[in-house]
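Take a look at the structure set out below.
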Amino acid sequence: MELLAVQLKQDAHCTVRDLALQHGVSARTIARDLALMREQGMQIDADRGRGGGVRLDRNWGVGRMNLAYSEAVDLLISIAVAEQMNSPMFLASLGSVRRQLVASFSPEKRNKVNRLKSRIMIGVTASTFVQASANAPPNRVVQALHQAFVDQEILEIRYKREDGETSGRHIEPHYLLLKYPIWYVVAFDHLRKGPRTFRCDRMLSARTTGTHFRLLPKEEFGSSLSDDDLSM
């Protein structure tokens, strides 16, 4: 429905028949989706008769956006990271956005978000030498790491060290550390049977295992979290 909403907002004239052909579904499916979108508060107008069509009110926008809980959590944590970065540009309204998101959560969900935020830290900016070797991790790795971090699941990874040697590991992603622009996972490494820090962009593959772990306090990770200016 998200793609359908974007199309209806951008196109001045769309018929149900045309939409069904473009999306490879039946006209009945499009009609059902339009009904659900109306129930969600989207202002969808319809012109009857020959040449008629449906369209989404162009004034509909962020104020009526319906975020899933996981999406709202991601957005809230991203806002917290941006605030900790202390960038002066385009951040004046972040506090207001954050407060509105938090207010939309139940007390239970609010506590869950706060626990997640406490596991994400901001350190010093990475050196130019480190930044020069940085690459964006594959999307499939990011998705698996995200799930394992949020759900406290053991993650199976294939990791490439700085010297080029690769190895398979089972890790517990307890904390995330951003040394801009590099993200690190502060984890318990089952292979080494102790705390280790892994660069996210050196993870060649990642797979959740479905096995959960108990969160350890930050004190257990010692030097991995020793920067004086760690926050959040």
Note the full-extension length gain between ARG98 and THR29 as 0.36 nm times their separation in residues minus their Cα-Cα distance, in nm to one decimal. 21.3 nm
Extension length gain for LEU191 and GLU108 (0.36 nm per residue less Cα distance), in nm, is 26.4 nm
Two pseudo-spin positions, 7 Å from Cα along C-beta at THR15 and at ALA136, lie apart in nanometres by 4.0
Full extension between ALA46 and THR166 adds, at 0.36 nm per residue less the Cα distance, a length in nm of 37.4 nm
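Here, each number is a calculation from the coordinates, and none is a lab measurement. Since the model is a prediction, treat every value here as computed from it, not as a measurement. In this analysis, Cβ positions are derived from the backbone assuming ideal geometry, glycine residues included, and neighbour counts consider all displayed protein chains.
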